[in-house]
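The values are calculated or read from the model by the stated rules, or taken from the named source; none is laboratory data. What you see is a predicted model; the values in this text were computed from it and never measured. Note that each Cβ is placed from the backbone with ideal geometry, even for glycine, and that neighbours are counted across all protein chains shown.
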């Protein structure tokens, strides 16, 4: 008896045996192609999932940390006085009478704004880089109430905190724009990039 063809009709066997062999080979080939396709789709889903998680983190950082901090400190700049554009470029700050005695690195904050900054650092401190978090918390603890202006004096020497907030806000906005563009990488591009 031939192991390739278990039929008793000889080497060629019967038609149903050959048909069964052909169907088995076709099914095995189809299963192999489906497994390869599944692996490619899985890679694409993982890549898309990572992209979505990063987008969510960037959105949360912007919405909960950098945009509110930017708005609060931006408003405090305009409380200091009037900004005018210089002819040679840049801006000049003309301090209002009530803040003329304050040195420039102080931001006059209302109690609600200071509380909002404290709340942001407590709830979303994990989204702020450690050095920026340390600078921000040190500035918060150094705040002193000024009865003459009825504001809290938020110290930001060399405007380090302000410039860092602006830098991070701009960086996250650019990254969010990049992440929300229609994806050129998807299941089709992953399929084309692999040779499996």
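Among the numbered conditions (1) in contact with a helix residue (DSSP H, G or I) (Cβ under 9 Å, 6 or more places away or on another chain); (2) in a helix (DSSP H, G or I); (3) at pLDDT 85 or above, the only one that residue 190 does not meet is (3). Restricting attention to segment 151-172, the residues being out of contact with any helix residue (DSSP H, G or I) (no Cβ under 7 Å at 6 or more places or on another chain) and modelled with pLDDT of 80 or more number 6.
Listed here are the residues, each with its yes/no results for (1) in contact with a strand residue (DSSP E or B) (Cβ under 6 Å, 6 or more places away or on another chain); (2) under 21 Å from residue 110 (Cβ atoms).
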position	(1), (2)
146	yes, yes
150	no, yes
154	yes, yes
159	no, yes
162	no, yes
167	no, no
173	no, no
176	no, no
180	no, no
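Within the set 35, 46, the sole residue that is out of contact with any strand residue (DSSP E or B) (no Cβ under 6 Å at 6 or more places or on another chain) and either more than 25 Å from residue 179 (Cβ to Cβ) or at pLDDT 85 or above (or both) turns out to be 35. Restricted to segment 99-119, and to residues there that are under 19 Å from residue 159 (Cα atoms) and modelled with pLDDT of 90 or more, the residue that is surrounded by the most Cβ atoms within 10 Å (Cβ to Cβ) is 117. Being out of contact with any strand residue (DSSP E or B) (no Cβ under 9 Å at 6 or more places or on another chain), at pLDDT below 70 and part of a loop (DSSP other than H, G, I, E, B) is a description that applies to residue 195.
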